[in-house]
Every structure is written in C-alpha cells, then in structure tokens.
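Here's the structure, in structure tokens; my notes come after.
The values are calculated or read from the model by the stated rules, or taken from the named source; none is laboratory data. Because the structure is a prediction, the values reported are computed rather than measured. Using ideal geometry, Cβ is built from the backbone for each residue, glycine included, and neighbour counts are taken over all protein chains shown. The protein model used for the area step is the full one, side chains on, heavy atoms only, and it has no ligands, DNA or RNA in it. Shrake-Rupley method; radii C 1.70, N 1.55, O 1.52, S 1.80 Å.
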Amino acid sequence: MASSTENGVGALGIDGLKKRSSFWKKEDFLPEESFQNWGNYVKALSSTKTRLKDRLLTRSQDCVELHEMRAQSEHEMKKNLNWWDLLWFGIGAVMGAGIFVLTGQAARNNAGPAVVISYLIAGISALLSVLCYTEFAVELPVAGGSFAYLRVELGDFVAYIAAGNILFQYIVSGASVARSWTSYFATLCNHNPDDFRINVSSIAEGYNHLDPIAIGISIVVAIGACLSIKGSSRFNSIATILHIIVMIFIVVAGLTKANPANYETFVPYGIPGVFTASAVLFFAYVGFDGVATLGEETKNPGRDIPIGLIGSMAITIVTYCLLAATLCLMQPYTQIDADAPFTIAFEAVGMKWAKYFVAFGALKGMTTVLLANVIGQARYFTHIARTHMAPPLLAVINEKTGTPMNATIIMTVANSIVAFFTSLDVLANLLSIATLFVFTLVAIALIVRRYYATGETSNADRNKLIGFLVLIIGSSIATAAYWAASKDHWIGYVVTVTVWFLATLGLNFTVKQAKKPQLWGVPLVPWLPSASIAINVFIMGSIDGPSFVRFSVWTLFLLIYYLLVALHASYDAAKEIERKAEATQATNIEAGTTK
C-alpha cells in the first residue's frame, strides 16, 4: 500500500482503502500528513491559529460539494429514488410515536381542545424549515444535507459544530425510538413495557434495564439500510401506508364517539397555553431533515425533492391536526391521559380493543422512524468523512449496494450501545437544542446564499446584510428571552417584534439579491427564512435550562476534538484538493497551448 508521503492525503484516504486486504490500520482513520508521525502532529498543532483562521474564513463551493467531495467516496450512490419514495420517507421519518404521547401532554397541561391550533402552528413552523431545506437540497443534492449547505455558506467551522450536534441528536433519538419499540411491542403482546427487558440490580438506576430487543430491531433495520436504498424505500412505503391506514381508523373510530360538548371551553389556558403547547409539539415534526440527505440518490432533484419534502410535511400536518381534534372530541381535556391518551380515550368510550390498533400503529411508525434515522445519520457521517473531519473510511460507498455501509454500521453500533443500557427517562432528559440550532443556521445560510456572493456583492451590501442579520437574530433572541421571563405582559413583544420586522424589511428593500435559485426557490425571501429564524429561536426559549447545559458540554467536546484532530485533518485534505485542482488546471492550459 502506498504511503502518504508518496502520494499525499488521497493515497491513504479513500483511494487507499480499496487496496487494503487486511484489518483497518491507523492510516485508515488518520491518513493525513499531519498525523503520519509525532513531529508532523506537533508542527500541525503549532500552526493551529493559522489553520483555524483559514478554516473559519473559507467557504466551500457548490461544485466542490457536488463533484470533488463525492469523488472521495470512491463509488457513486445509486440514483434510485423518485418523488414517491421521498414522500413516504418524509412521512415515515416524522410520523412516529410522538403523536401518541405529546398530544396528551399538550392537551391536558397546556392547550386543551385548542391543541389542534397548537399542532397547526407547530406544523407551519416546521414547514418554514422544510422550505429552506428544500431550496438547498435542490441546488446541492448531496448526502451531507445541512452540513454541506452550511459549509458552502457559513464555512467549515460552523458546519462542523452543527453536524456534530445533529449526529448526537440522531444517536439519542435512535436509541430512544428503539427502546420505545420494545415498550410498544410488549404492550401489543399484552405485557408491561419492562417485561421484555433484563433487570440488573448491580448497575445504576436508569441504566439497569437492559434492552436486547432494542439492539435486535436496530440491527435488522440497519441491515436493510445497508443492502439497498430502493429496497429500504419499498419497505418504508408499505409500512408508512399501513401506518396512515391505522391513523385513519383511529380518526374514524374515534369520531363515532365524538361529543361536541367537549369543545365548549376551547382555549382553557389562554393564548400563552396554545403557544407553549406548540413549542412542545414542534418536536413531533422533527425528522424531515434526514430526507434532505437523500438528494444524492434522487433521480430528478429539481422535481422530486420539493414534492417529497413539502408534500410529506403537508400530509403530516393534516394527519396530526385530525388526530388531535378527534382525541379532544372523545374526552374532556381534563380527563385526557398525559402518557397514553388514545389508549385511555378508547377505553373510556368502551372500545378497549382499539388499544391494540394504537400500539400496532405506533410500532409501525417507530420502525420507519428508525429506518429513516439510520439512513439519514449514515449519510451525514459519510459527507463529514469526505471532508476528513471524521475518519475517511466512513466515506466509502459500497460498490455493490451503492450505500454507505461503513457509516451505517458505525452509527448503528453507537445507537445500540445507548439503547441497550439507557432508560427512556434518561434519554428524554438528553434531548438537546441541536435540531432547532441547525434549523436556525440553515435559515441564516439561505439568506446569506441569496444576498451574498464572493466577488459580486459590494462591501456596502455585505455590511448591511451583516447588520440586518444581527438585528434579526438579536430581536429573535430577545423575544424568546422575554417570553421565558414574562408571559403575561405584551409591551416587550412590541419592541422586539418591531425590530425583527424592520430589520427584515430593510434587508428586503435595501440589499440587492446576489443569487437566484436555478430550479426551485423559497418564496417571499427574506420574510420566510427570517420568520423561520424567529420561530426556531422562540421555541428554543421554551426548552429547559439543563438542555442548554448539555448542548454547551457537547459543543465544548466537539470544539476540543476539532482543535486537536478535525481541524488539521480537514485542512490537509482541503489543501490536497486545491493542489489537485491547480494541477488539473495547469495541465488543461498546457494542453490548450500545445494545440
């Protein structure tokens, strides 16, 4: 096998992996020049300040993400997906067990029958993020999703911090859903949720209910994801269609027991309760971002991605609103069970047998969520590895299946370890603000993409863009902080919302757009992405303090890893790509001169 000193980064990167016939070695994880010996590493560390400045100020380009980065994977992913596949992937990724739990909590404790309005508000909020993702996914149909979008518009460092948090969220989410799968499977078998878990008293509480079934379902789903994206899509489509049928059954059966009198007090907790519930229910819509990572495997991104992403979110919003309305018609909101709302509601109206349909629907929903989760996180990891911010062996695309098998296996192992030991209570407490953080960054990146182009945007417009973005973000944070501090007074909102409105208005009328989308674009820019920023930050303000602490601790860990490893690996890889591009350009010029 060739050495890095002979052939540069690429030789011991993806190109070198296919030559290895034995076990993985250190060079497969850290093939870059900075890690070939201790002397090189010490020299790289001494250049940290210079390299960090380079990576902070350097933005990638569309062509680099679409061509050079893909080439790092040795083989291409197979373009087998169309709008139909993406539509059902979108529904399957979002519509899991959350509707069966969050609805009861929000209706009983926050909104009452107005929970249907809360679902609509949360759905529209999620739809704004979907629109931002859709424009990027059409223009940059690559496996990296938001990581690639942020690399192009906000630079390597921001993209890395965002990607590290979204991968952490994927692991926590995957483990949580896997353990929930065991609980609902036990219910379907007429057992208590913990009956199929192994209790080990010598292990600390919260980690002592070992869950082998969670590992089993995770492995089965991962095998399907490794073998074929088209096969996974077919399974997902069938399972999700069955899930929708179960949802329709719940609505129809529930409406036969509807009591309009339950709606007499429609907004018992007032408008603040409706907005508080919408903040909680927003998380029932999370998961669509993983569908954006399928752009590289989509036949016609310009047509298929908008239909798939926007269509799936629209169907999900309507379904959630119908389910919430039905629940509140079946029972007074004061009697709705916070933990198992639909099961208890059906028992209360004499339809105890319907709980098995609820459990079956939840089980189907969680299976597709698990599948979409591992598919999305593997493709995120693949593109991160292409930049050498993660070990490049994870960027390898299997020649036969056309799937990122290495990344899928590694992420499944991580999910399984967490799911095996950690209880749902602990996992629920690990939920971070990563998702909303990334959604906010993508909306900011979309505004930057539309209003700033290197070499074209004037210094005056650039400075105005920065100023207006600071005002939009600052006013959004102020609104969220005021909401958290005082929900009963309105004067603060007059100030913060007015600043947000004037900043967005100023951006719209005083800064010239530098780039128009070629295939599909978000309408009403900058209003919709600016609204997305404000809403995402507002919802962040409703999250508990410990989540911010966990977010900060994890981000600190990511920062340390970046400064010690990822910065130097990605710097070496980027410079190698630049040298190759310059060599190719020189060769082309020489060939043209010769002719």
* Asked: Quick one: how many residues across the stretch 29-39 are open to solvent by less than 50 Å² (accessible area, probe 1.4 Å) and in contact with an Asp or Glu (Cβ under 6 Å, 6 or more places away or on another chain)?
  -> 2
* **Odd one out for Ala348 among (1) out of contact with any Ser or Thr (no Cβ under 6 Å at 6 or more places or on another chain); (2) in contact (Cβ under 8 Å) with a residue 40 or more places away in the chain** => (2)
* To do: Please go through the stretch 485-533 and pick out each residue that is under 21 Å from Ile271 (Cα atoms), open to solvent by 60 Å² or more (accessible area, probe 1.4 Å) and not hydroxyl-bearing (Ser, Thr, Tyr).
  => Ala485, Lys487, Asp488, His489, Trp490, Ile491, Val494, Val495, Val497
* Give the residues of the stretch 459-484 that are in contact (Cβ under 8 Å) with a residue 12 or more places away in the chain, open to solvent by 50 Å² or more (accessible area, probe 1.4 Å) and not β-branched (Val, Ile, Thr), sorted by residue number. => Lys464, Leu471, Ala481, Tyr482, Ala484
* Scan the stretch 306-332 residue by residue and report those that are under 32 Å from the mean Cα position of the chain (by Cα) and open to solvent by 10 Å² or more (accessible area, probe 1.4 Å). => Pro306, Ile307, Ile310, Gly311, Ala314, Ile315, Ile317, Val318, Thr319, Cys321, Leu322, Ala325
* **Residues located in the stretch 229-288, provided they are in contact with a Ser or Thr (Cβ under 8 Å, 6 or more places away or on another chain), farther than 30 Å from Ala143 by Cβ and β-branched (Val, Ile, Thr)** => Ile250, Val251, Val274, Thr276, Val280
* Asked: Only one residue in Ile171, Ile117 is open to solvent by 10 Å² or more (accessible area, probe 1.4 Å), modelled with pLDDT under 90 and part of a helix (DSSP H, G or I). Which one?
  -> Ile171
* Of all residues making up the stretch 246-270, the number that are outside any loop (DSSP other than H, G, I, E, B) and within 18 Å of Cys321 (Cβ to Cβ) -> 13
* If you go through the stretch 72-82 one residue at a time, do you hit one that is part of a helix (DSSP H, G or I), in contact with a Gly (Cβ under 7 Å, 6 or more places away or on another chain), of a type outside the set (Val, Ile, Thr) and within 30 Å of Ile241 (Cβ to Cβ)? -> no
* Could we say that Thr387 is closer than 27 Å to Ser237 by Cα and either free of Cβ contacts under 8 Å to residues at least 24 places away in the same chain or crowded, with 22+ Cβ neighbours inside 10 Å (or both) here? -> no
* Structure fact -> For the stretch 147-171, pairs from a residue that is without any contact (Cβ under 8 Å) to a residue 12 or more places away in the chain to a residue that is of a type in the set (Lys, Arg), with Cβ under 9 Å and 6 or more apart or across chains, are none
* To do: Return yes or no: is Val130 out of contact with any Ser or Thr (no Cβ under 8 Å at 6 or more places or on another chain) and of a type in the set (Val, Ile, Thr)?
  => yes
* Residue check, Ser542 among the hydroxyl-bearing types (Ser, Thr, Tyr) and not in a helix (DSSP H, G or I) -> yes
* Among residues belonging to the stretch 48-71 that are in a loop (DSSP other than H, G, I, E, B) and open to solvent by 40 Å² or more (accessible area, probe 1.4 Å), point out the one that is modelled with the lowest pLDDT. => Thr58
* Any chance Ala453 is assigned to a helix (DSSP H, G or I), open to solvent by less than 20 Å² (accessible area, probe 1.4 Å) and either over 30 Å from Glu74 (Cα atoms) or at pLDDT 90 or above (or both) -> no
* Quick one: in the stretch 72-82, of everything that is buried (at least 18 other Cβ atoms within 10 Å of the Cβ) and closer than 16 Å to Ile305 by Cβ, which residue is modelled with the lowest pLDDT? => Met77
* **Candidate set: the stretch 336-368, residues that are farther than 19 Å from Ile248 by Cβ and among the hydrophobic types (A, V, I, L, M, F, W, C); chosen: the one least open to solvent (accessible area, probe 1.4 Å)** => Ile336
* Inside the stretch 389-410, can you point out the residues that are under 13 Å from Gly144 (Cα atoms), touching a Ser or Thr at 6+ places or on another chain (Cβ under 7 Å) and not in a helix (DSSP H, G or I)? -> Met389, Pro404
* Out of the stretch 126-152, which residues are open to solvent by less than 10 Å² (accessible area, probe 1.4 Å) and not hydrophobic (A, V, I, L, M, F, W, C)? -> Ser129, Tyr133, Thr134, Glu135, Gly144, Gly145, Ser146, Tyr149
* Looking at this structure, is Gly92 crowded, with 24+ Cβ neighbours inside 10 Å, in contact (Cβ under 8 Å) with a residue 60 or more places away in the chain, not aliphatic (A, V, I, L, M) and not in a helix (DSSP H, G or I)? -> no
* Taking Tyr184 as the residue in question, decide whether it is within 27 Å of Leu558 (Cβ to Cβ), of a type outside the set (S, T, N, Q) and buried (at least 21 other Cβ atoms within 10 Å of the Cβ). => no
* Output the number of residues of the stretch 561-578 satisfying the condition of being open to solvent by 70 Å² or more (accessible area, probe 1.4 Å) and within 23 Å of the chain's Cα centre (by Cα). => 1
* To do: Mind telling me which of the residues Ile198, Ile248, Ile271, Ile219 ends up being over 30 Å from Arg379 (Cα atoms), in contact (Cβ under 8 Å) with a residue 12 or more places away in the chain and open to solvent by 60 Å² or more (accessible area, probe 1.4 Å)?
  => Ile198
* Phe439 being aromatic (Phe, Trp, Tyr), in contact with a Leu (Cβ under 6 Å, 6 or more places away or on another chain) and at pLDDT 85 or above -> no
